[in-house]
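The values are calculated or read from the model by the stated rules, or taken from the named source; none is laboratory data. A quick note: this is a predicted structure, and the numbers were derived from the prediction, not measured. FYI the Cβ positions are ideal-geometry reconstructions off the backbone, even for glycines, and counts take in every protein chain you see.
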Ligand code: ADP
């Protein structure tokens, strides 16, 4: 099926070229540039390594790739590594950024042969923009309308063969027609504590911060399975160590830094604990609705649902049932004793 596009938007695109090297220099932010530096996700890394090597040997574009997974797990980073292996350019943008078909046409026509186009949050592409992608992905062509009124005519423009990498956090939100056009569909899982500890050490070394393996594991356990969070904590620990005038982040100092950030020994944040405490103290373990939890803790519903709940559920502190959120039966006595004697919620 062909789609028509008004060409007048062609020069209004909002393409952001991602200059990662500049970011790395300015923020002292370590960014893995090859598969060896990308720690964890072994099975996925091996597969993608084979696919990229093969595409490179054949001098062909890599098949279109859809990456599923929660934010901060390394989808963007992987795409940059693949571009590096393929020795091609990568252009990055996000679904909501591509408001009009012309925005996408402008980007597609700027791609060189075998380049990668990375679209983050691809589930948020407007439908008319998504439809332009279909023929671009399948036949490497796009249709545009030139002129107006009776004189308007449709022409088909070829684009260079390219690879689309779509990233999304929501498995269910990708439309079936879009999904079916991806040759490779992979998902990223949360990292283990050991994998995260290695990422913590990798970043600590980059920042010239000396950490024991025990301290790295402590930070890893507080990082919710997510490299982006691990990296943020390392930077905050570094700040803490610096103002406490120490060169080495000994284990006690790391522990103090984590408490200073409001993270407890189980890796739970202040809000995580507030949520659990509200269910234990006010509802004897639940079930309780999301709205009530939001009102009791002062957090908005989306943050509870997207940031706090997935982690609490994964750690076995919470379960979702048809009647609401509840504390699993087995863990309730433990949480009761944890919160017993502590101050009640201020809103109670
Ligand atoms: P996503 O695109 O999934 O939201 P990013 O690719 O932006 O995640 O990764 C978030 C941060 O974590 C980046 O700074 C990246 O360098 C780092 N990171 C992610 N995965 C890894 C990994 N496997 N090894 C080392 N660093 C990683």
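Exactly one residue out of 166, 172 is under 24 Å from residue 77 (Cα atoms), assigned by TED's automatic domain parsing to the domain that holds residue 103, modelled with pLDDT under 90 and not in a loop (DSSP other than H, G, I, E, B), and it is 172.
Against the definition (touching a helix residue (DSSP H, G or I) at 6+ places or on another chain (Cβ under 8 Å), within 16 Å of residue 308 (Cα to Cα) and at pLDDT 90 or above), how does residue 221 come out, yes or no? Yes, satisfied. Here is a check on your reading of the model: is residue 196 in contact with a helix residue (DSSP H, G or I) (Cβ under 7 Å, 6 or more places away or on another chain) and more than 12 Å from the ligand (Cβ to nearest atom)? It is false that residue 196 is in contact with a helix residue (DSSP H, G or I) (Cβ under 7 Å, 6 or more places away or on another chain) and more than 12 Å from the ligand (Cβ to nearest atom).
The residue pairs whose first member lies in segment 26-37 and is part of a loop (DSSP other than H, G, I, E, B), whose second member is near the ligand (Cβ under 10 Å from one of its atoms) and at pLDDT below 90, and whose beta carbons are closer than 8 Å, counting only pairs six or more residues apart or on different chains, are 29/23; 30/24; 31/20; 31/23; 31/24.
Considering only residues that are over 23 Å from residue 181 (Cβ atoms), away from the ligand (no atom under 14 Å from the Cβ) and outside any helix (DSSP H, G or I), which ones fall in segment 46-93? Hit for segment 46-93 is 87, nothing else. Taken together, 314, 325, 277 contain a single residue that is closer than 25 Å to residue 189 by Cα and surrounded by 14 or more Cβ atoms within 10 Å (Cβ to Cβ), which is 325. Filtered by the rule that a residue be loosely packed, with under 15 Cβ neighbours inside 10 Å and within 17 Å of residue 94 (Cα to Cα), segment 154-178 gives 170, 171, 173, 175.
Tell me yes or no: at least one residue of segment 249-259 is within 30 Å of residue 305 (Cβ to Cβ), without any contact (Cβ under 8 Å) to a residue 40 or more places away in the chain and within 16 Å of the ligand (Cβ to nearest atom).
Residues of segment 249-259 within 30 Å of residue 305 (Cβ to Cβ): 257-259.
Narrowing further to those that are without any contact (Cβ under 8 Å) to a residue 40 or more places away in the chain: 257, 259.
Narrowing further to those that are within 16 Å of the ligand (Cβ to nearest atom): none.
No; the residues of segment 249-259 include none that is within 30 Å of residue 305 (Cβ to Cβ), without any contact (Cβ under 8 Å) to a residue 40 or more places away in the chain and within 16 Å of the ligand (Cβ to nearest atom).
Inclusion of residue 205 among residues that are within 16 Å of the ligand (Cβ to nearest atom) and either within 30 Å of residue 336 (Cβ to Cβ) or more than 21 Å from the chain's Cα centre (by Cα) (or both) is warranted.
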